[in-house]
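The values are calculated or read from the model by the stated rules, or taken from the named source; none is laboratory data. The shown structure was predicted, so the numbers you read here are calculated from the model rather than taken from an experiment. Don't worry about glycine lacking a Cβ; one is built from the backbone with ideal geometry, like all the others, and counts go over all protein chains shown.
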Amino acid sequence: MSHSFSRLQEKAILVALEHGKATRWDTQESLEELHQLAATAGAVIADIQIQRLEKPTAPYYIGKGKAEELARECKAKNVTSVIFDDELSPAQGRNLEAITHCKVLDRTQLILDIFAQRARTREGRLQIELAQLQYLLPRLTRMWTHLSRQTGGIGTRGPGETQLEVDRRRVQERIAKLEKDLESVRKNRSVQREGRLRRNWPIAAVVGYTNAGKSSLLNRLTGAEVLAENKLFATLDPTTRQLTLPNRQKILLTDTVGFIRKLPHTVVESFKATLEEVQLADLLIHIIDISHPNYRDQMAVVDSIVKELGAHGKQTVLVFNKIDQIENRELVQSQLRNYPNSVAISVHSGEGMNSFLEQLEMDLSAWRLKGEYQIPLTESALIAELHRVGRILSVCYEEEYARISAHIPPHLQSRMAPFEVVVACHKSADEHS
């Protein structure tokens with residue numbers, strides 16, 4: 001069954017399954033984050049339970065004995081919701097609701113519920129509704145069996161539709177309409193983006209774990225007035241603002257939705273229109289909350305989602321934020337040594353912001369140059385990488401070559417050098433603005 005929180009505060013038990021190669025430490029970390037998510041959604045946590053099994057069981061996920069124990073706990077503590085740290089199958093959700101007599105949610109539903117509360121724009125609401133319906137569709141089975149009815153009779157080809165089939169068809173129709181509406185949004189965004197590209201300004205997308213300080217950074221740099229709260233997923237809607245660097249280089253900064261471990265695939269798919277900003281950016285600014293005890297794991301999660309979006313390998317500035325909350329400054333210095341293209345800042349106090357802007361200037365200086373390249377079609381991997389990490393200005397495919405005009409990041413320049421074409425006429429840099 002698909003549920004979300006009512007806006008009245010609810011009492012919940014959190015449940016995690018420690019299985020396979022997962023350690024108690026991994027499970028505990030994930031549960032702490034689930035606790036934050038539940039609190040963000042408006043729940044009061046009555047208890048936290050961890051079950052150890054080799055693998056989840058098909059009927060009850062945590063095993064029937066543990067499910068019965070959980071049911072007794074729910075009754076004793078007057079719990080209204082049970083929240084699981086992983087995605088449950090439709091059958092597991094139904095069985096657990098039947099045995100606990102409580103609303104059962106999984107991590108995916110919880111994240112979708114928070115997104116539904118946070119979405120402000122039409123695009124954001126469309127994306128959330130699409131993700132919720134895609135999650136709901138396989139869970140419709142047997143939801144309405146008690147209402148099943150046959151509508152057959154004279155003049156019909158068969159027994160007619162059950163209520164389940166009617167509901168499934170309606171959901172599928174609504175999904176198709178939402179996808180069409182989002183495609184229209186994507187086209188509008190593409191037109192806006194083309195207008196920005198004509199100015200020939202580099203685009204930097206700010207990515208990071210939820211609550212790392214992305215919106216706060218955008219606000220400090222550009223006065224964007226994006227909602228920035230100390231909450232998970234405080235902002236969902238992308239905001240693009242112009243920034244003029246100290247050397248007068250103009251760039252566009254785009255804020256993106258925060259990432260989180262176990263980010264539901266339906267969310268990634270539904271937010272493709274928003275996350276296109278990451279794919280098409282010239283530079284990524286990966287902001288990290290270095291004061292968080294698990295910041296390294298959070299960095300890995302962001303890297304994996306960037307890869308899933310097809311944006312891996314892009315020129316990236318690592319920004320270690322919240323250094324004002326770090327007493328041991330040697331920790332900060334060691335990270336700066338480990339990651340050469342990194343800076344340490346406090347968005348809150350402003351410390352390190354000048355160093356950050358200097359790093360941006362240095363990294364973006366290469367984008368003033370463009371090159372013309374003739375690449376053999378046999379070099380398909382290089383062409384694909386150029387499309388992924390560079391800014392393509394024009395492409396012309398010949399019999400054995402691709403002729404490409406592009407801005408390319410510094411790390412690709414040595415590999416591209418053998419294919420560079422010397423252009424006879426010299427054009428001013430502003431001709432492509």
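Here is how the numbers come out for the structure above:
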| read-out | value |
| --- | --- |
| When residues of the range 90-106 are limited to those that are out of contact with any strand residue (DSSP E or B) (no Cβ under 8 Å at 6 or more places or on another chain) and touching a residue at least 24 places away in the same chain (Cβ under 8 Å), the one nearest to residue 39 (Cα to Cα) | 101 |
| Selection from the range 123-141 of residues that are modelled with pLDDT under 80 and out of contact with any helix residue (DSSP H, G or I) (no Cβ under 7 Å at 6 or more places or on another chain) | 124 |
| Neighbours by Cβ (under 7 Å, 6+ apart or cross-chain): first from the range 306-326, touching a residue at least 40 places away in the same chain (Cβ under 8 Å) and farther than 15 Å from residue 206 by Cβ; second assigned to a helix (DSSP H, G or I) and of a type in the set (D, E, K, R) | 310/388; 313/385; 313/388 |
| Count - residues of the range 44-58 that are surrounded by 13 or more Cβ atoms within 10 Å (Cβ to Cβ) and part of a loop (DSSP other than H, G, I, E, B) | 2 |
| Residue ID - modelled with the lowest pLDDT, chosen from residues in the range 407-433 that are in a loop (DSSP other than H, G, I, E, B) and in contact with a strand residue (DSSP E or B) (Cβ under 6 Å, 6 or more places away or on another chain) | 423 |
| So residue 334, is it polar (S, T, N, Q) and assigned to a loop (DSSP other than H, G, I, E, B) | no |
| Count - residues of the range 61-79 that are surrounded by fewer than 20 Cβ atoms within 10 Å (Cβ to Cβ) and either outside any helix (DSSP H, G or I) or touching a residue at least 60 places away in the same chain (Cβ under 8 Å) (or both) | 4 |
| Selection count, the range 85-135, where residues are buried (at least 22 other Cβ atoms within 10 Å of the Cβ), aliphatic (A, V, I, L, M) and over 24 Å from residue 45 (Cβ atoms) | 3 |
| Number of the condition not met by residue 175 [criteria: (1) over 19 Å from residue 121 (Cα atoms); (2) buried (at least 16 other Cβ atoms within 10 Å of the Cβ); (3) modelled with pLDDT of 85 or more] | (1) |
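Yes/no per residue for (1) assigned to a loop (DSSP other than H, G, I, E, B); (2) touching a residue at least 40 places away in the same chain (Cβ under 8 Å); (3) outside the structural domain of residue 285 (by TED's automatic domain parsing):
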| residue | (1), (2), (3) |
| --- | --- |
| 347 | yes, yes, no |
| 350 | yes, yes, no |
| 360 | no, yes, no |
| 374 | no, yes, yes |
| 382 | no, no, yes |
| 388 | no, yes, yes |
| 392 | no, no, yes |
| 405 | no, no, yes |
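Each row is one residue, and each column tells you yes or no for (1) more than 30 Å from residue 61 (Cα to Cα); (2) at pLDDT 85 or above; (3) assigned to a helix (DSSP H, G or I).
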{"site": "97", "(1), (2), (3)": "no, yes, yes"}
{"site": "157", "(1), (2), (3)": "yes, no, no"}
{"site": "160", "(1), (2), (3)": "yes, no, no"}
{"site": "165", "(1), (2), (3)": "no, no, yes"}
{"site": "181", "(1), (2), (3)": "yes, yes, yes"}
{"site": "184", "(1), (2), (3)": "yes, yes, yes"}
{"site": "191", "(1), (2), (3)": "yes, no, yes"}
{"site": "200", "(1), (2), (3)": "yes, no, no"}
